[in-house]
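None of the figures in this text is laboratory data; all of them are computed from the coordinates on show. Fair warning: this is a prediction, and the values are worked out from it, not measured in the lab. Reconstructed Cβ throughout: ideal geometry from the backbone, glycine too, with neighbour counts over all protein chains shown.
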Amino acid sequence: MRRHTRNLGDPAYRWILTGLAVLLPLLLLAVGSQLAISAAPALKKFGLGFLFKTTWDPVAEVYGAAPMIFGTIVSSLLALIIAVPLALGVAIFLTEFAPRWLRQPVGFLVELLAAVPSVVYGLWGVFVLIPLLRTIAVPPLRAALGWTPFFKGVFYGNSMLAGGVILAIMIVPYIAAVSREVLQAVPATQREAALGLGATRWEAVWSAVLPYGRAGIIGAIMLGFGRALGETMAVTLVIGNRHDLGASLLAPAYTMAAAIANEFSEATTQMYLSALFAVGLVLFIITITINALARLLVWRVARGAAVGSKAL
Amino acid sequence: MRTRALRRRAKSAMMTGVVAGLALLAVLPLLMIFADLVHKGATSIDWNFFVKSPVPAGESGGGVANAIVGTGIIVALACLAGIPVGVGTGLFLAEYGGGRLGWLVRFVADVMNGTPSIVVGISAWTWLVRPAGHFSAMAGGAALAILMIPMLARTTEEMVRLVPNSLREAALALGYPRWRTSLAIVARTALGGIVTGALVAIARIAGETAPLLFTALGNLNFSTTVTEPMQTLSLQIYVYATGPFEEWHRVAWAAALVLMGMVLVLSLTARWATRSRYASR
């Protein structure tokens, strides 16, 4: 009798767990195909032009997503330019230089930064960051770089610059947490060998630790990039939400996620709705691709580990 | 020769300073955000703020009781679906995840962790709101559950893997079937870690806004009906921050402080629950 139940219990347990686990890939597939189905009418009508046309006119039913694709990529790149040095600073400081007693509190603070809800960043962005940019950051930027097309024109407050800065603040903890785990996965012998050859601490980090973790760090940066691309609420609140395509970082812009957040409930016609789903599909494909590449890179260093799970 | 060594050491010291400075600069926004939340939010928080619903625009007073209760209900709905599937997937990965399916599930979980939540939101809208013809808290809970599953799967797997193999072997040697070993010994031992993972996931979804915009929608009145639109703190902050009234902004800051407090308590509890595990790091 006991034998019998055991023989039944084990396969049943395995099948139940397998059934639950299979849900996840199915869910991803379902989201992707649903987006594709809903986006099909718009994609059929506008073709590849959807990605390159700049007119977004719900009244005339003409949809081109170029300004928001541009805005999404530029704001995220701007965020990376600001965030990468800071995040790597945190990661290197915490794994290589910080005294032991400081590692945990600082690490915890950074993880906490990752736990702040996006909408709270947005609120802070509207009422604190933008006034701060207006008084402290923009005048000197304009004085020094006003001759370039990037800092021309009036500063509206809500702008590409504000979007990029708030995104940078949001992705720093994420990049920092993943690169920290990557650096922790670098074998101590790597460090010791460099120090044993007479390298200074910085030389050991620069020539032995960082090159070893390079793939993982690039992966961490790409994960941060993926986050920034799909980030919605904070950006919606500060970027200005205008379908413009211009070089000036001081002008309002738009991102794909922000457009969906703003216009989805206003989309009264089938084609309008379909166009927004097409935007969602483009965003989905871009982020999935970047995340997949990033994961493979991170896994190369920290094999199979759920890196960054604590920063979620 | 001496000067070269000196120069190298000076450079090392300088770079240490640079790196420490960058780290400091990275932590600065967090301190600023906390300071601003407390500074701008605390004065508006009193007892009424927790027990009253919002008043019409222009009037002062009122509270966010509907949003606090709504956040709780929607998160609970998400947990109802998300925790069993997430933990089950994590157990699968830890127990049977060696093969190709394990690799795929692990990979998909990690990729989905980075999927924009707004995309999940419009998918949930297509599946649950459009056919039903109206927005509902249930659809919001489902969207949050989808976000929760991959997070929970990976933390559960990690926690279960920390359980020493000797425990498993001891149970099997005593004649326990594998499923009972897995549930009563392995998962039981890892329970603290699994709970921590769940708390972290809850903290994360409690602040989500984007997937709720087109599912739970928001509701200015007090509602506990899960088939109807429901308010959450995050939705309320969004609406009030974009509104034109000074009074609304004040409430948005206070609501943000309450939400951040909730997230902080969850994170600290999670941290506290695993303090021994990470103390060695």
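Look at the alpha carbon pairs under 8 Å that are at least 6 residues apart: their mean separation over the length of region B:50-279 gives a relative contact order of 27 percent. Partner shielding of A:198-210 amounts to 3, given as the average count of beta-carbon atoms from other chains within 10 Å of each residue beta-carbon.
How long is the gain from A:R14 to A:A215 if the chain were fully straight, where each residue apart is worth 0.36 nm and the alpha carbon distance is subtracted? Show your work: numbers first, answer last.
Values: separation 201, 0.36 × 201 = 72.36 nm, distance 3.54 nm.
Here the answer is 68.8 nm.
Our note on the geometry: Cα centres of region A:28-91 and region B:226-257, 28 Å apart. Take each residue of peptide B:235-246, count the partner chain Cβ atoms within 10 Å of its Cβ, and average: the result is 3. Could you tell me which of rounded, prolate or oblate describes chain A, using a ≥ b ≥ c as the square roots of the eigenvalues of the alpha-carbon gyration tensor, with rounded for a/c under 1.5 and, failing that, prolate when a/b is larger than b/c and oblate otherwise? Note, shape of chain A comes out oblate. In a fully extended conformation the segment linking B:L191 and B:D46 would gain 48.5 nm over its present Cα-Cα distance, using 0.36 nm per residue. Partners of A:K53 within straight-line reach, counting lysines whose Cα lies under 17 Å from its Cα and excluding those fewer than 8 residues away in the same chain: A:K44, A:K45.
In chain A, Cα pairs under 8 Å separated by at least six residues give a relative contact order of 28 percent.
With a Förster radius of 41 Å applied to the C-beta separation of B:L264 and A:V154, the computed FRET efficiency comes to 0.60. As a calculated quantity, the FRET efficiency between B:L172 and A:V22 at R0 = 45 Å, using C-beta atoms, amounts to about 0.95.
In terms of packing, defined here as the mean over residues of other Cβ atoms within 10 angstrom, the peptides A:286-296, A:165-175 line up highest first as A:165-175, A:286-296.
Between beta-carbons, use under 15 Å as the cut-off and find the net charge around A:F155, counting Lys and Arg +1, Asp and Glu -1. Intermediate results must be reported in sequence, preceding the final value.
Working: positive: A:R134, A:R142, A:K152, A:R242; negative: A:D244.
Every neighbour counted, the sum reads +3.
If R0 is 51 Å, the Cβ-Cβ spacing of B:V38 and A:W147 corresponds to a FRET efficiency of close to 0.75.
Mind checking A:27-33 for the average number of partner chain beta-carbons within 10 Å of each residue's beta-carbon? Can you show the working numbers first?
Details: counts 9, 7, 1, 3, 10, 3, 1.
Per residue, the number of nearby Cβ atoms from other chains is 5 on average.
Using a Gaussian network model of chain A in which every pair of alpha carbons under 10 angstrom is joined by a spring, one finds that among A:V282, A:V182, A:V154 the greatest mean-square fluctuation is at A:V154. Per-residue ellipticity at 222 nm, computed for chain A from helices alone with -39500 (n - 2.57) per DSSP H run of at least four residues, works out to -22000 deg cm²/dmol. Each Lys and Arg contributes +1 and each Asp and Glu -1, all at the Cβ; summed about the Cα centre of region B:2-44, the dipole is approximately 700 debye. A dipole drawn for region A:2-311 from +1 and -1 charges on Cβ atoms has a positive end, and of A:L113, A:I81, A:V209 the residue lying farthest that way is A:V209.
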